[in-house]
Structures are given as C-alpha cells and as structure tokens.
Amino acid sequence: MNKIINDFSITVGTVNGSGSSTANNTILRTLFKMGVPVSGKNLFPSNIQGLPTWYIIRANKDGFVAHHERRDIVIAINPASFTRDLASVVPGGAFYYADDIKLPINRTDIAVYPMPIKAIVRADANIPTSFRDLVGNMVYVGVLAQMIDLDMDVIHSALTFHFKGKQKPIDMNFNAVKAGAEWAKANLEKKDPFHIEPMNKTEGMIMADGNTAAALGSIFGGVLFAAWYPITPATSLAEALNEYLPQLRQREDGKHTYAVVQTEDELAALGMTVGAGWAGLRSMTSTSGPGLSLMTEFAGLAYYAEIPVVIWDVQRIGPSTGLPTRTSQGDLTFSYFIGHGDSQSVILLPGDVYECFEFGWKSLDIAERIQTPVFVLSDLDMGMNQWMSKPFQYPDTPMDRGKILLEKDIEELKGNWGRYLDKDGDGIGYRTFPGNRHPLSSYFTRGTGHDEYAKYSEEAATYTANMDRLKRKQETAKQYVPAPALHKMKGATVGIIAYGSTEAAVLEAQYLLNRDHGIKSDFLRIRALPFTREVDAFLKKYDQLFIVEMNRDGQMDQILKVEYPQFAVKFRSVAVGDGLPASAKWILEGILEKYEAGEKKVTSKKKSVTSKQKPVVSAARKTPVKKAVKGKAVKKAKK
C-alpha cells in the first residue's frame with residue numbers, strides 16, 4: 001500500500017456541547033507544531049448542545065488549507081450522525097468509531113477501526129466520574145496518534161499550551177491520550193495509507209482566529225470605546241477586547257483607559273459608538289447580519305453627520321435568523337449601500353487572520369481620515385476558526401487622526417472655518433472635539449439638512465452641494481483603503497476576482513485550473529471598497545473575469561456591474577451560498593462551467609498564429625469532456 005503523507009483530511013463527528021473542542025484542537029495544534037500546514041473548520045449547530053457537530057482538519061504538505069470536501073479519515077462518536085459519517089468516507093479511507101455504537105457497518109472499501117473509548121476511560125481510576133465523558137474524547141486522540149504517527153511529546157506540548165501550564169488537567173488528558181495510543185498499538189492493524197511525518201512548513205508562524213486578531217489590531221490601533229450586543233459569530237471579538245484590553249491598556253494606578261459596554265441591543269450599541277466617535281474617541285462595534293440591520297439608522301446618521309466609527313460585521317447566513325452558525329459573504333451589497341437615501345460606505349475586506357489584525361488598526365485610521373463609518377466584513381469561517389498566520393506586527397505608521405482643529409488652529413483661522421466646509425477639495429471638512437475651549441470651535445452636529453457651517457437648511461442647492469461633497473469623499477477614500485492583492489501566473493488568459501476568506505480556496509483552484517485543465521489565470525483579491533485604480537487595470541486586461549463569492553446572488557458581481565457597466569459582458573459570476581466555507585472543488589467546477597473556449601489571435605514579433613483555448617467542461621454535467629493534446633487544437637465542446 002502506497003503511503004499518503006501529510007495530505008489528507010480528518011473529520012470528527014461528535015455531539016454539540018460534548019467537550020470535544022479540546023481534543024480536536026489538540027490534534028490541530030499537534031499537526032501545526034509538527035510543521036505540517038493545517039486548518040480546522042468547526043461545523044456546529046445553533047443550539048447549546050445535543051445536535052451533531054463536525055470538526056474538519058485538513059493537513060496539506062503544499063500549504064493548501066481551504067475547506068476540503070473529501071472525507072479521508074472519519075472519527076464517529078455520535079450515534080445520531082453515525083450512518084451519515086460512515087457514508088461520507090471516501091473509498092480507501094479510514095473509519096474510526098466508538099464501539100458502544102451498535103449500528104451496522106456494511107462497507108468493505110474502507111479501513112474500519114472500533115475504539116473502546118468508555119472502557120478505556122473507566123479503567124483509569126484517576127479520572128473523576130463527572131469528567132469521564134469530557135476526557136473520553138482524548139482517547140480518540142491517542143488512537144489516531146498511534147495510527148497516523150503523531151508525536152506524543154508534541155501532543156503533550158499542545159495540551160500544555162491549551163491548559164496554560166495547569167498540571168492537573170494536562171496530566172488527566174494526556175494519560176487518556178496515552179491509554180488510547182497503547183490500546184491501538186496492541187489491538188489495531190494499520191489498513192489505511194495515511195501518515196504524518198514532521199516538516200518545517202509552519203516555522204515562524206502562529207495560529208489564531210480572526211476575531212481575536214481583529215480585537216488585538218483594534219487595541220494596537222488605539223481603540224478607546226467599544227459597544228456591543230452578543231450575536232454569533234461576532235461575540236468572541238468583543239470578548240477578546242475584554243480579555244486583552246486589561247493587559248494592554250491600563251494605567252500604573254490600575255485605572256482603565258478604555259470602555260467596553262454591553263448594551264441592550266444592536267441599535268443602542270451603534271448609537272453609543274457614534275456618540276463616542278463624535279466626542280473624539282476611537283470607537284467601534286461588532287455584530288453580524290441581523291444586528292447590522294438594526295444598526296442601519298445610526299449608520300446613516302454617522303454617514304451624513306460625518307462621524308468616524310468602525311463596524312465589524314462577522315458575516316453569517318441570512319436572511320433573517322438564517323443559519324446562525326454557518327459562514328457567508330451575504331452582507332456586501334447591504335453594507336455598501338446601507339441606510340435610506342443616497343449613501344455609499346467604505347468597506348474593508350480582510351482575506352486572512354493577519355489582515356483581520358492589520359485592518360483592526362487601519363480601519364480606525366481610515367474612519368478618522370475620511371470622517372465616515374468604516375465597515376470591516378469578515379465572516380464566521382475566518383472569525384471563529386483557527387488559521388495559520390505570520391506573527392502580528394505593531395503598526396509601523398503613526399496614528400492618523402485626520403483633520404482635527406485644536407485651540408491654536410482655531411485662533412490662526414480667526415474663526416474662518418466650517419464643520420462641513422471643503423477647503424482642500426477632497427470632500428472632507430475639519431472638525432473639533434467637545435472640550436475645545438476656543439469660543440469659535442463649537443458647531444451643531446446634524447442628521448438633518450445643513451450647510452457648510454452646520455446651520456440648518458432646507459435649500460435644495462445647499463442639500464445638493466452637501467451630497468456632492470460626500471460623494472467626493474469616496475474618491476478621496478481610494479487613496480487610503482488597502483489596494484487589492486494580486487496573484488499572477490505567467491501566460492494568464494483569464495482573470496479571477498474574489499475577496500475575504502475565499503482566498504485560500506481560490507489559490508488552490510487557480511493551481512488546479514492550470515495543472516489539470518491548462519487554463520492559466522491571474523487572481524485579484526479585492527481588499528476594499530471603493531475600488532482602486534488597480535481594479536480598473538485588472539478589469540481591462542481580460543475577456544473573461546470570474547467573480548468568486550460565498551452568497552447566492554453574486555453580490556460583488558452586482559457591485560462591479562454598477563461601478564463598471566462597460567465591462568459587464570466580461571463578468572462570470574461563480575457564487576455559492578450554502579453556508580459552508582469555500583472549497584477549491586466548487587470554485588473549479590463553477591469556473592469550468594462558465595469558461596468560454598474560443599479562438600484567440602496571438603501576435604508575436606515574427607508572425608501571427610492562431611490558437612484555441614481548450615474546451616474543458618460540459619456545462620450540463622460539470623465534468624471534463626476533452627483534454628488538450630500539447631501542440632494541437634481541439635474542437636469546441638458542444639453544450
């Protein structure tokens with residue numbers, strides 16, 4: 001049997017609330033500490049406990065760690081999902097199960113390993129009865145460790161990290177791991193090809209979730225006020241603020257230099273955030289789709305009154321309550337045009353955990369520079385799951401607080417200033433903070449019609465001029481928002497556009513398109529709205545542009561068509577909104593389905609030759625129909 005080394009998935013099927021998180025994270029962190037690129041996806045239900053949950057670990061020696069739809073190794077601990085888990089194992093895969101589950105196993109194309117988890121736990125007198133179910137999860141860690149060659153010392157190190165050096169829980173859990181490994185060594189014969197061998201591909205990297213990264217980035221960016229209301233999957237962002245702010249933002253006398261307020265609802269959360277932003281504090285809130293809906297009114301006020309705030313939207317499946325524990329990119333158009341009347345938002349789109357950290361502080365800078373709400377759109381997959389990342393770095397630029405007038409500035413101007421007066425042509429006025437003691441510094445903040453000097457006005461010309469100025473701020477914002485990330489491939493003939501957490505899956509699909517189908521592509525990951533000149537240049541370059549996103553209707557595709565109608569004929573929407581993290585499989589199939597093969601003229605200095613792009617797929621079946629022969633043209637596939 002040929003070994004499959006460092007390139008497979010592990011899926012654990014358990015019950016929500018059963019305490020399997022420690023066991024699953026131990027496997028994940030062990031693989032990471034052994035130098036193997038890895039990712040972990042927690043697919044959990046929206047109840048507190050009792051329903052099936054799955055944890056999917058992908059190890060890949062080449063660094064492809066997006067969601068993997070193959071189920072190579074499956075560990076079944078939950079009777080309710082046993083039949084489904086068994087059916088999901090790929091032929092040639094491995095199926096581990098708790099032997100107290102007395103359900104038929106009728107497959108002969110996989111390796112089957114029963115595990116006497118309860119018997120092994122009962123045999124250890126040092127495990128209190130109340131902890132047996134929890135510690136029992138560590139038995140399958142030990143069995144798996146023995147069968148795929150996980151390093152026991154590294155497992156111990158992972159447990160030490162998890163329990164923060166507390167010896168009693170470390171010993172209790174590690175003893176269960178050892179017991180499982182010893183039992184497997186004595187009783188199981190290896191019948192599958194999956195093995196782990198140490199590598200050095202994770203050297204110098206860390207593991208973190210996006211919500212924690214966002215909180216740390218915001219703290220490093222000088223956040224002073226945060227208001228929030230609990231909602232999955234954004235709650236852990238505010239919880240991380242509460243955890244790290246006392247460590248990183250406290251005076252020597254023990255007094256806090258910040259405020260984090262849990263409010264009665266999301267409406268109040270953004271209302272308080274807007275008030276703090278008006279008062280001169282760097283302020284933020286975090287929420288998800290239903291909470292963002294409640295924040296709409298105050299978002300419109302902040303846009304029109306020009307108050308800087310940051311709103312983190314950790315997206316989940318909607319509409320309405322939707323699927324609270326599934327991931328999505330379904331809030332893009334809503335966020336971009338949020339509020340009644342004419343408005344457009346500045347939006348940042350982090351693509352990995354490091355950018356969650358980076359955009360944590362950059363969003364605060366941009367909000368104050370442009371004097372507007374800045375929305376940062378993450379998602380559940382990025383926010384709540386563990387990802388590999390390079391270490392976070394302290395901001396290397398000074399804090400940008402934008403156009404602020406102090407007492408001395410007002411004196412120099414001799415009162416010749418207006419809160420909404422555009423003196424520089426960039427659409428941005430100057431502002432003062434409450435507490436500025438100069439008698440000419442005050443103004444009245446309005447959500448109603450106002451002129452350049454913040455005086456109430458219902459004049460049509462005054463209103464139009466004000467709205468035109470706000471529109472100019474979008475152009476100014478292009479100077480400050482992050483430019484797109486470009487992944488180029490020599491000889492690319494088509495373009496792929498995506499954003500957010502889809503990056504890992506798109507990079508893998510880009511590789512497979514070239515390897516298996518001969519389609520070379522350049523990949524542009526959009527990191528912000530409004531679009532910058534780099535997007536303009538990319539759209540001009542290709543005849544086919546595939547827009548990849550995790551929603552039903554292709555929301556980025558819609559916005560691109562609004563902003564670039566001249567290129568609309570080029571766009572091919574590749575959108576799936578099923579709540580699961582993006583995978584290379586559906587991206588590849590979506591691109592192949594909509595790929596148009598056709599004649600293209602290629603002109604060189606010496607001569608002009610005609611070549612044909614390869615017809616690779618039947619749109620009806622989404623399967624390859626022909627492969628190109630090197631140096632020969634093939635006929636266009638018929639649909």
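Please treat every number below as a calculation from the coordinates, not as lab data. Computed from a predicted model, the values in this text were never measured in an experiment. Because the Cβ atoms are built from the backbone with ideal geometry, glycine has one as well, and the counts that use them run over all protein chains shown.
Worth pointing out:
- For the chain, the longest principal axis of the C-alpha atoms and the axis of helix 21-33 are separated by about 90°.
- Relative to the longest principal axis of the Cα atoms of the chain, the long axis of helix 152-162 lies at roughly 30 degrees.
- Under the shape rule built on the C-alpha gyration tensor, where the axes satisfy a ≥ b ≥ c, the stretch 485-600 is rounded, since a/c falls short of 1.5.
- Dipole magnitude (debye, nearest 20) for the chain, charges at Cβ of Lys, Arg, Asp, Glu: 3080
- Range of Cα positions in the stretch 7-72 per principal axis (Å), largest first: 36, 23, 16
- The H on the amide N of R326, modeled in the peptide plane, is under 5 Å from the matching H of I317, each at least 5 residues off or on a different chain.
- Cα centroid separation - the stretch 59-114 against the stretch 501-521, whole Å: 27
- For V309, distant residues with modelled amide H under 5 Å away: T372, V374
- Cβ-based net charge around G40, under 11 Å, with every Lys or Arg adding one and every Asp or Glu removing one: +1
- The charge dipole of the stretch 468-569, taken about its Cα centre with unit charges on the Cβ of Lys, Arg, Asp and Glu (plus for the first two, minus for the last two), comes to roughly 380 debye.
- Take the convex hull of the alpha carbons in the stretch 314-410; its mean projected area over all directions comes to 8.9 nm².
- Global size of the stretch 208-389 as Cα Rg and Dmax, reported in angstrom: 14.8, 48
- Whole-angstrom gap from the stretch 234-278 to the stretch 528-583, using each part's C-alpha centre: 36
- When the alpha carbon coordinates of the stretch 4-195 are projected onto the principal axes, the ranges are 40, 40, 38 Å, largest first.
- Calculated [222 nm] ellipticity per residue, helices only, for the chain: -11000 deg cm²/dmol; basis is -39500 (n - 2.57) per DSSP H run with n ≥ 4, divided by all residues, nearest 500.
- Under-5 Å amide H pairs with D209, H placed in peptide plane, nonlocal only: W387
- When only Cα pairs below 8 angstrom with a gap of at least 6 residues are kept, the stretch 208-389 shows a relative contact order of 31 percent.
- Summary of packing: across the peptides 232-239, 518-525, the per-residue average of other C-beta atoms within 10 Å ranks them, highest first, as 232-239, 518-525.
- Among T30, T397, sorting on how many other beta-carbon atoms sit within 10 Å of each Cβ, with the fewest leading, yields T397, T30.
- Lys, Arg +1 and Asp, Glu -1 on Cβ, resulting dipole of the stretch 4-195 about Cα centre, debye, nearest 20: 360
- Take 280-292, 447-459 and order them by the average number of nearby Cβ atoms within 10 Å per residue, most first; the result is 280-292, 447-459.
- Over the stretch 407-477: Rg over Rh, Cα atoms, Kirkwood Rh: 0.98
- Fewest-first ranking of E589, E368, using other Cβ atoms within 10 Å as the exposure measure: E589, E368
- Each Lys or Arg adds one and each Asp or Glu subtracts one; over the other residues with Cβ under 14 Å from the Cβ of F571, this totals 0.
- Between Q555, S46, L248, the Cα set farthest toward the positive side of the dipole of the chain (charges on each charged residue's Cβ, about the Cα centre) is that of Q555.
- Global form of the stretch 241-342, assessed from the alpha-carbon gyration tensor, a/c cut-off 1.5: oblate
- Helix 266-278 and the longest principal axis of the C-alpha atoms of the chain enclose an angle of approximately 50°.
- For the chain, the square roots a ≥ b ≥ c of the C-alpha gyration tensor eigenvalues yield an a/c of 1.5 or more together with a/b not exceeding b/c, which makes the shape oblate.
- Highest average packing first - 528-539, 382-393, 183-194, Cβ atoms within 10 Å: 382-393, 528-539, 183-194
- Relative to one another, the C-alpha centroids of the stretch 383-438 and the stretch 316-368 are positioned 22 Å apart.
- Taking every C-alpha pair closer than 8 Å and separated by at least 6 residues, the mean separation divided by the residue count of the chain gives a relative contact order of 11 percent.
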